[in-house]
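The values are calculated or read from the model by the stated rules, or taken from the named source; none is laboratory data. From a predicted model like this one, the values you see are computed outputs, not experimental measurements. Here the Cβ positions follow ideal geometry from the backbone for every residue, glycine too, while neighbour counts run over all protein chains shown.
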Amino acid sequence: MTDSPYPARLARLRARLAEAKVDALLVSQPENRTYLSGFTGSAGWLLISAELALFATDFRYYEQVGLECPDFELVRVPQKFTDVLPEMLQRAGVHRLGFEADHATYADVQAWTKATPGCEWVPLEGEVQKLRAVKDPTEVATLRAAVHLADEALAAVLPQVRPGMTERELAWAIESYMRTHGAAGVAFELIVAGGPNGARPHARASDAPLPVGQPIVIDMGARLDGYCSDMTRTICLGEPEDPDRFWDIYNTVLRAQQAAEAAIRPGITGQEADAIAREVITQAGYGELFGHNLGHGVGLAIHEEPRLGRLNTTPLVAGNVVTVEPGIYVPGWGGVRIEDIVLVTPNGAEVLTTMSKEPIIPL
């Protein structure tokens, strides 16, 4: 049995709060709440100071907090959170309180400050997200399992794909496999986009039949034990109807991905990784058709820190888990995107996604 990861996470957060010169942090963002406490419910607030870890929630979750969050003391909320907030701050000796300014609403902050007139509220951004960006061994193991499940699902479903199947039917076949093989659900609404639909990077699966001889973009992920996987493969039913164009675009995207994955290591910035892939695509003449960032962190949320993009100058560190997903999108023709999940290691990177990148599905 492995040791609980939560005491170490709380210790890391407490060190950051000391640097921010606040007495405590009020955590309301759902993934941050789960990361720090292990809570899987949908409502609650954490108050974390140097000495105390309090969890305030309502009747629906009293027992659940006791089962899932042994490192926290339950504070029962009979009606409104603001009814118990002043006592929580008094118990913790809080005079300067940090709050998650990148999550709390204006109405939340107005209510909280009104209920605690003697407290100075300090807006903080990204304090827990920065901790979440570096995965601990427990998280890496869970992410590996989520990635493997998605790989397994697509490998099992692709041999069943036939002309006449709709985008929605393919998406459901993938989702059904993941749900019946351990996933709590999908990490996001699956994308299946055939032919011209694939020119929209975030197209939704529709009732359109899967085309023969045209690219079909499949973007999918499983949610397992709270953690997300994310993978994209582009397939073609039968041989491409325009083989020169298909293979030129497909192989360009593949080379861009391979170049970026080979370069990822501690110290490289998200901007630099993005530029490596973007240069391959630009040199091939498709630069204007790659309009999104190269990738993003993935974990409890499908999009989190760190980011791989043109504006991201923070160096990667060992323990980061990121997607690498270059793409080319041609209006009226379709798109090609290939996406892996990559773990940054002390000496480089490990590609966790193992699903084949062979695009042709024989008829």
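Taking the stretch 182-268 as the region of interest, the strands (runs of 3 or more DSSP E) fully inside it that hold 1 or more residues being of a type in the set (S, T, N, Q) and either touching a Gly at 6+ places or on another chain (Cβ under 9 Å) or in contact (Cβ under 8 Å) with a residue 60 or more places away in the chain (or both) are 231-237. PRO5 fulfils the conditions (1) in contact with a strand residue (DSSP E or B) (Cβ under 7 Å, 6 or more places away or on another chain); (2) closer than 20 Å to PRO137 by Cβ except for a single criterion, (1). Against the criterion of being part of a helix (DSSP H, G or I) and in contact (Cβ under 8 Å) with a residue 12 or more places away in the chain, ARG278 qualifies. Restricting attention to the stretch 245-268, the residues being under 18 Å from ASN347 (Cβ atoms) and either of a type outside the set (Gly, Ala, Ser) or more than 21 Å from the chain's Cα centre (by Cα) (or both) number 8. Looking only at residues of the stretch 118-132 that are of a type in the set (A, V, I, L, M, F, W, C) and under 30 Å from VAL344 (Cβ atoms), we find that the one that is surrounded by the most Cβ atoms within 10 Å (Cβ to Cβ) is VAL128.
Among the residues of the stretch 141-155, is there at least one that is in a helix (DSSP H, G or I), among the polar types (S, T, N, Q) and touching a Phe, Trp or Tyr at 6+ places or on another chain (Cβ under 6 Å)? Yes - at least one qualifying residue is present in the stretch 141-155.
Count of the stretch 300-337 residues, restricted to those that are touching a Gly at 6+ places or on another chain (Cβ under 9 Å) and small (Gly, Ala, Ser), is 4.
The rows are residues; the columns are (1) exposed (fewer than 15 other Cβ atoms within 10 Å of the Cβ); (2) of a type in the set (S, T, N, Q); (3) under 23 Å from THR354 (Cα atoms); (4) modelled with pLDDT of 95 or more.
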| residue | (1), (2), (3), (4) |
| --- | --- |
| HIS148 | no, no, yes, yes |
| GLU152 | no, no, yes, yes |
| ALA171 | no, no, yes, yes |
| ILE174 | no, no, yes, yes |
| ILE191 | no, no, yes, yes |
| ALA199 | no, no, no, yes |
| SER206 | yes, yes, no, yes |
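Of everything in the stretch 98-117 that is free of Cβ contacts under 8 Å to residues at least 12 places away in the same chain and not in a helix (DSSP H, G or I), the residue that is surrounded by the most Cβ atoms within 10 Å (Cβ to Cβ) is THR105. One residue stands out in the stretch 118-140 among those that are of a type in the set (A, V, I, L, M, F, W, C) and assigned to a loop (DSSP other than H, G, I, E, B): the one that is farthest from VAL321 (Cα to Cα), namely CYS119. Just checking, does the stretch 22-35 include any residue being buried (at least 16 other Cβ atoms within 10 Å of the Cβ), touching a helix residue (DSSP H, G or I) at 6+ places or on another chain (Cβ under 9 Å), of a type in the set (Phe, Trp, Tyr) and part of a loop (DSSP other than H, G, I, E, B)? No, the conditions are met nowhere in the stretch 22-35. Whether a residue is crowded, with 17+ Cβ neighbours inside 10 Å and basic (Lys, Arg) was assessed, and LYS135 passes this test. Scanning the stretch 317-352 for residues that are polar (S, T, N, Q) and assigned to a strand (DSSP E or B) yields THR323, THR345.
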